[in-house]
Amino acid sequence: MKFEKTYNASKFENDIYKKWEKSGAFKPSNKKGAKPFTIMMPPPNATGTLHLGHAVMLALEDIMVRFHRMKGDSTLWLPGTDHASIATQNKVEKVIAVEGLTRHDMGREKFLKRVGQFVKGSQNTIRNQVRKMGSSCDWSRERYTFEPHLSTAVSEVFVRMYNDGLIYRGHRIVNWCPRCESTLADDEVTYKEERTQFYYLKYGPFVIGTVRPETKFLDKVIIVHPDDERYKESIGKKVMVPWIDGDVEATIIGDKAADMDFGTGAMTITPAHDFIDFDLAKRHGLEIIQIIDEKGNLNHHAGEFAGQNARAIRKKLVAKMTEKGLVDHIEENYVHNIALCYRCDTPIEPLVSQQWFINVDKKFKGVGEKTVGKSLKDRSIEVVRKKKVEIVPDRFEKTYFNWMENLHDWCISRQIWFGHRIPVWYCKGASTKCEPIVSAKTPLKCMNCGSKKLEQDPDTLDTWFSSGLWTFSTLGWPKNTPDLKKFHPTSVLETGYDILFFWVARMILMTQYALNEVPFKTVYLHGLVRTREGKKMSKSNPETCIDPLDMISKYGADALRLSMVIGGTPGNDIRLYEEKIAASRNFVNKIWNAARFAVMQIEEEKKQSKGTKNRKTKLSLTDKWILTLTQELIKSVTKDLENYKFSDAGSKIYDFTWNSFCAWYLEFSKGEQKNIAVLTEVLETILKLIHPFVPYVTEAIWKNLGHKDFVMLQKWPVVDKKKLFITQARELQIVVDAICAIRTLRQENAIDIVKKIPLTLVSSHSKILEEKRDAIERLGRISELTIANKMSEEIEAMKPTLRTFCAGVEVILPVSDLIDVSSQRAKNIEEIANVEKYIATLSGKLSNKNYVERAPADIISQDKDRLEEAKTRIEKLKSQSRYL
RNA sequence: GGGCAGUUAGCUCAGUUGGCUAGAGCGUCUCGUUGACGUCGAGAAGGUCACUGGUUCGAAUCCAGUACUGCCCACCA
């Protein structure tokens with residue numbers, strides 16, 4: 001027997017994956033006329049292991065990819081990893097810290113070597129995990145953002161942007177992480193609520209408020225609102241104020257930035273260490289002096305505190321100021337947000353430094369354009385507004401626009417070691433007037449003075465600069481490769497909504513520049529995976545964190561995939577817990593057993609019909625019913641998948657398989673001569689339709705059915721109108737309903753479910769009931785079944801009996817006098833009341849002039865039918881009550 | 001402060017353009033093992049669709065407001 005009693009996923013998965021991969025089935029087909037379908041896998045950071053977020057991503061993308069491949073598209077799913085400069089560097093720093101080393105101890109070169117080794121190991125882990133999930137991606141095209149070719153693309157874009165004036169170098173205030181010793185982009189800063197002291201300091205005649213007295217050493221400008229009656233007169237004046245290290249001359253300036261209602265309405269400013277103050281200083285042409293350095297320490301301006309960590313000396317400084325009588329009062333428990341580095345949670349020190357920026361507002365001539373067109377910002381907004389890029393769900397468009405519209409110039413230089421070096425060299429020759437050399441290739445000498453003493457800019461690029469090129473750098477750009485021509489723009493970008501800004505927006509931006517194209521036509525955003533309680537799963541809390549690999553070894557990859565897809569809708573978070581995965585595993589096992597049973601039937605049938613030609617070919621009522629439902633399933637599942645309704649598609653197949661196919665079709669077939677062709681067709685259609693969701697078990701079954709090829713390469717089922725038998729399908733439904741009614745009647749009256757009982761059915765559909773007599777007897781556990789066309793006196797007189805009525809069939813069950821009918825009587829009374837209420841509602845509706853005049857005709861006739869049905873039903877119920 | 005979601009059965013969620021007596025899975029209870037599957041089968045109980053108004057013949061669905069929950073953005077010295 002090829003089929004074991006239960007499906008053991010771990011016995012099949014690795015082997016199946018190897019066979020798929022080896023066969024080349026993951027590569028896009030070269031079939032003529034095949035439409036391209038492309039997904040670029042969002043490259044996981046090369047920092048370690050995959051989590052459930054990646055698992056969701058892989059499951060959804062694999063579903064799309066397998067669906068399109070089966071539909072005949074030339075389907076490319078390109079995998080890869082991201083070097084993730086800051087994240088990876090931090091990770092390796094933690095690793096070497098265990099050995100008591102810092103990156104400075106090792107030096108740049110040695111440290112980078114170590115990072116390289118680490119990345120290699122990490123990539124292997126990731127590759128293995130991606131495979132474990134069953135992802136059918138093309139490994140022959142795997143890419144890494146830091147590999148030579150992709151690095152070329154990075155330099156190329158940089159140089160082009162520089163030449164177009166979109167990249168510039170400037171002194172600006174930036175977010176600085178003193179631990180990473182690097183800048184951070186605005187969106188790489190996170191905020192956390194903090195309770196702290198709020199200090200009111202005496203500044204001459206003013207009282208100013210601050211949470212950071214340690215930045216105030218050099219403050220000598222007071223800002224007040226120009227309309228503030230309290231200070232209006234003093235604007236423009238200078239005053240001498242006693243301050244931390246002696247008297248300073250302070251100037252009073254009027255600016256609307258001062259909030260009259262906050263604190264005392266007066267503030268001093270620290271231009272070098274605060275974004276707002278920096279703007280203010282620029283506006284008023286004030287001096288900008290740095291007092292905190294790159295390590296977060298105070299410099300010589302801080303007097304006795306020089307060289308010490310700025311935040312650490314706060315208490316001591318306040319003590320000193322108190323002594324000098326400079327502290328007015330201190331407010332405790334002041335709530336404010338503290339800015340933190342998103343990679344290491346260190347408080348940010350804003351400071352002024354020289355950095356590289358991308359100008360997002362400058363208009364430029366795009367690729368293929370004759371004149372100067374729009375800015376990066378405007379272009380990126382336009383492509384989404386014009387639906388060249390469609391975001392699913394579309395509510396995220398609003399978020400996207402809001403972010404784009406408020407985008408400032410993007411700081412792209414980082415003082416991180418690991419990453420793409422900025423392709424700029426400075427001449428260190430005799431002349432000091434030489435321009436920096438910006439070049440994709442390492443220059444040999446200075447173009448101006450000919451000196452060979454060149455030094456490359458020590459900084460590296462923001463990691464999102466390179467991942468922003470992901471859709472095309474992976475396809476060979478800047479060369480115009482066949483892959484680039486065929487697969488770009490890509491079809492769908494599937495990712496979590498949490499990186500809409502970090503990545504998605506930047507890809508749109510960069511692709512607009514480099515190709516004057518959109519990177520993808522559709523963005524599908526999935527939600528975050530949460531615990532059953534809705535909490536975030538975090539690695540730091542193993543209690544809440546589920547490891548995808550554990551779940552795969554316990555329940556199988558198919559079960560994990562299914563549990564993450566069913567019940568999820570785009571953009572909404574997914575709650576995941578083990579019971580859910582177990583339920584999916586049960587379903588996977590159900591498919592397995594359905595197939596196992598079908599194969600048993602087929603083999604038995606073959607044995608019986610051996611030599612003879614008595615193979616059944618005529619379609620039974622049941623066959624026509626299941627074929628009809630199958631066509632309907634194909635239609636709606638295909639439509640759902642095309643519309644990114646993965647959960648709907650999955651649940652429909654789930655329901656069809658479990659209920660229509662297993663619970664009814666297979667149960668019916670047990671007592672009948674089988675139509676092997678239909679049984680096989682329906683089973684194989686199920687396997688094909690569900691394959692994108694649960695690739696492993698379907699492939700394992702496919703093989704056990706005797707196929708030599710892969711189910712993953714089968715053609716996607718299409719509706720065959722010749723197999724739609726609407727009337728017959730409806731007829732069989734009557735039988736199904738009747739059997740349900742019989743079962744309910746038995747259960748409600750505690751009639752032993754095993755015991756065979758006599759029964760009478762009265763219905764105008766007696767012909768159909770007659771045709772399915774065997775099935776009714778078997779599934780209803782009936783010993784003697786009487787089927788009558790209409791009520792006769794004899795049947796009427798049968799006593800004692802239990803009676804029920806459903807879907808045009810009256811069910812009459814003779815019982816002994818001893819049976820307790822009180823519960824049935826109560827049920828009957830309740831039901832009568834129920835239906836009477838229903839009739840009242842319906843007839844009320846139908847006698848409402850407004851309703852009859854305004855409602856659409858089909859709704860009215862539907863209600864009329866319902867009323868008739870209800871009336872029949874109540875008559876039956878009332879007549880039945882006489883027997884109770 | 002601005003914005004976006006969500007609120008439907010004990011739990012997780014469906015419910016398309018307004019129109020079945022509001023559904024599914026899990027869990028619970030009862031009963032059961034009939035030729036695949038105990039990772040199984042049959043049946044039942046369980047809902048004022050958060051609240052208040054409005055539009056409409058008709059609202060879980062549309063509109064306005066309220067409450068609670070979650071998230072994103074901005075950040076006040």
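The values are calculated or read from the model by the stated rules, or taken from the named source; none is laboratory data. A quick note: this is a predicted structure, and the numbers were derived from the prediction, not measured. Heads up, the Cβs are rebuilt from the backbone with ideal geometry, glycines too, and the neighbour counts pull from every protein chain shown.
Rundown of residues vs (1) near RNA strand B (Cβ under 8 Å from one of its atoms); (2) out of contact with any Ser or Thr (no Cβ under 9 Å at 6 or more places or on another chain); (3) acidic (Asp, Glu), yes/no style:
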position	(1), (2), (3)
A:Ile832	no, no, no
A:Val835	yes, yes, no
A:Leu846	no, yes, no
A:Tyr851	yes, yes, no
A:Pro856	yes, yes, no
A:Ile859	yes, yes, no
A:Leu867	no, no, no
A:Thr872	no, yes, no
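Taking the condition of being loosely packed, with under 15 Cβ neighbours inside 10 Å and under 26 Å from A:Leu779 (Cβ atoms), how many residues in region A:639-655 meet it?
Residues meeting the conditions: 1.
Residues are listed down the side, and each one gets a yes or a no for (1) surrounded by fewer than 16 Cβ atoms within 10 Å (Cβ to Cβ); (2) more than 13 Å from RNA strand B (Cβ to nearest atom):
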| position | (1), (2) |
| --- | --- |
| A:Lys256 | yes, no |
| A:His273 | no, no |
| A:Arg283 | yes, yes |
| A:Glu287 | yes, yes |
| A:Glu304 | yes, yes |
| A:Gly307 | yes, yes |
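Among the residues of region A:317-346, what is the count of those that are assigned to a loop (DSSP other than H, G, I, E, B), at pLDDT below 90 and among the hydrophobic types (A, V, I, L, M, F, W, C)?
Residues that pass the stated criteria total 1.
In this structure, does A:Trp658 turn out to be aromatic (Phe, Trp, Tyr), crowded, with 20+ Cβ neighbours inside 10 Å, within 11 Å of RNA strand B (Cβ to nearest atom) and in contact (Cβ under 8 Å) with a residue 12 or more places away in the chain?
No; evaluated as a whole, the condition is false for this residue.
Please find, among A:Leu666, A:Leu745, the residue that is at pLDDT 90 or above and not basic (Lys, Arg).
Exactly one residue qualifies, and that residue is A:Leu666.
If a residue has to be within 14 Å of RNA strand B (Cβ to nearest atom) and closer than 19 Å to A:Ala595 by Cβ to count, how many in region A:620-651 make the cut?
4
Confirm whether A:Met41 is among the aliphatic types (A, V, I, L, M), away from RNA strand B (no atom under 16 Å from the Cβ) and out of contact with any Gly (no Cβ under 7 Å at 6 or more places or on another chain).
So A:Met41 does not fit the description; no.
Output the residues belonging to region A:425-448 that are farther than 25 Å from A:Glu109 by Cβ and surrounded by fewer than 15 Cβ atoms within 10 Å (Cβ to Cβ).
A:Ala430, A:Ser431, A:Thr432, A:Lys433, A:Glu435, A:Met447, A:Asn448, listed by residue number.
Filter region A:548-605 for residues that are in a strand (DSSP E or B) and not charged (D, E, K, R) and give the result.
Listed by number, the list holds a single entry, A:Ile574.
So which pairs qualify, if the first residue must be in region A:117-129 and over 17 Å from A:Met57 (Cα atoms), the second must be part of a helix (DSSP H, G or I) and of a type outside the set (A, V, I, L, M, F, W, C), the Cβ gap must be under 6 Å, and the two must be at least 6 apart or on different chains?
Pairs found: none.
For the subset of region A:537-546 comprising residues that are touching a Ser or Thr at 6+ places or on another chain (Cβ under 8 Å) and free of Cβ contacts under 8 Å to residues at least 24 places away in the same chain, which member is nearest to A:Ile126 (Cα to Cα)?
The residue in question is A:Ser538.
Against the condition touching a helix residue (DSSP H, G or I) at 6+ places or on another chain (Cβ under 9 Å), among the β-branched types (Val, Ile, Thr) and within 16 Å of RNA strand B (Cβ to nearest atom), how does A:Ile126 come out, does it pass?
Considered against the rule, which asks whether it is touching a helix residue (DSSP H, G or I) at 6+ places or on another chain (Cβ under 9 Å), among the β-branched types (Val, Ile, Thr) and within 16 Å of RNA strand B (Cβ to nearest atom), A:Ile126 comes out as no.
Looking only at region A:129-143, filter to residues that are touching a helix residue (DSSP H, G or I) at 6+ places or on another chain (Cβ under 7 Å) and not in a loop (DSSP other than H, G, I, E, B); which one of those is surrounded by the most Cβ atoms within 10 Å (Cβ to Cβ)?
A:Val130
Give the residues of region A:820-841 that are surrounded by 15 or more Cβ atoms within 10 Å (Cβ to Cβ) and either of a type in the set (Phe, Trp, Tyr) or farther than 23 Å from A:Gln733 by Cβ (or both), sorted by residue number.
The answer is A:Val821, A:Gln824, A:Lys827, A:Asn828, A:Ile832, A:Tyr838, A:Ile839.
What are the residues in region A:559-579 that are in contact (Cβ under 8 Å) with a residue 24 or more places away in the chain, near RNA strand B (Cβ under 9 Å from one of its atoms), surrounded by fewer than 21 Cβ atoms within 10 Å (Cβ to Cβ) and of a type outside the set (Val, Ile, Thr), if any?
A:Gly567, A:Gly571, A:Asn572, A:Asp573, A:Arg575, A:Tyr577
Residues A:Gly246, A:Gly263: which one is away from RNA strand B (no atom under 13 Å from the Cβ), at pLDDT below 90 and out of contact with any Asp or Glu (no Cβ under 9 Å at 6 or more places or on another chain)?
Answer to the selection: A:Gly246.
In region A:1-27, which residues are assigned to a loop (DSSP other than H, G, I, E, B), buried (at least 16 other Cβ atoms within 10 Å of the Cβ) and either in contact with a Pro (Cβ under 7 Å, 6 or more places away or on another chain) or of a type in the set (Gly, Ala, Ser) (or both)?
The answer is A:Ala25, and nothing else.
List the pairs whose first member sits in region A:267-281 and is farther than 9 Å from A:Val352 by Cα and part of a helix (DSSP H, G or I), whose second member is more than 10 Å from RNA strand B (Cβ to nearest atom) and modelled with pLDDT of 90 or more, and whose Cβ atoms are under 6 Å apart, counting only residues at least 6 apart or on separate chains?
Going by the 6 Å Cβ cut-off, the qualifying pairs are A:Phe275/A:Ile173; A:Asp277/A:Pro271; A:Ala281/A:Pro271; A:Ala281/A:Ile288.
This table checks each residue for (1) away from RNA strand B (no atom under 16 Å from the Cβ); (2) surrounded by 13 or more Cβ atoms within 10 Å (Cβ to Cβ).
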site	(1), (2)
A:Val719	yes, yes
A:Lys722	yes, no
A:Ile739	no, yes
A:Lys755	no, no
A:Thr786	yes, yes
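May I ask you to verify whether A:Asp105 is under 18 Å from A:Pro42 (Cα atoms) and acidic (Asp, Glu)?
So A:Asp105 does not fit the description; no.
I'm told A:Phe587 meets every condition in (1) closer than 19 Å to A:Ser660 by Cβ; (2) more than 8 Å from RNA strand B (Cβ to nearest atom); (3) surrounded by 14 or more Cβ atoms within 10 Å (Cβ to Cβ) except one. Can you identify the failing condition by its number?
The failed condition is (2).
Does region A:380-408 hold any residues that are touching a residue at least 12 places away in the same chain (Cβ under 8 Å), part of a loop (DSSP other than H, G, I, E, B) and surrounded by fewer than 18 Cβ atoms within 10 Å (Cβ to Cβ), and which are they?
Residues satisfying the conditions are A:Lys388, A:Pro393, A:His408.
Looking at A:Phe472, A:Phe418, which one is assigned to a helix (DSSP H, G or I) and in contact with a helix residue (DSSP H, G or I) (Cβ under 9 Å, 6 or more places away or on another chain)?
A:Phe472
Restricting to region A:74-116, what's the tally of residues that are in contact (Cβ under 8 Å) with a residue 40 or more places away in the chain and outside any strand (DSSP E or B)?
Total satisfying the criteria: 16.
Counting just the residues of region A:356-379 that are assigned to a helix (DSSP H, G or I) and not basic (Lys, Arg), which one comes out surrounded by the fewest Cβ atoms within 10 Å (Cβ to Cβ)?
A:Asp378
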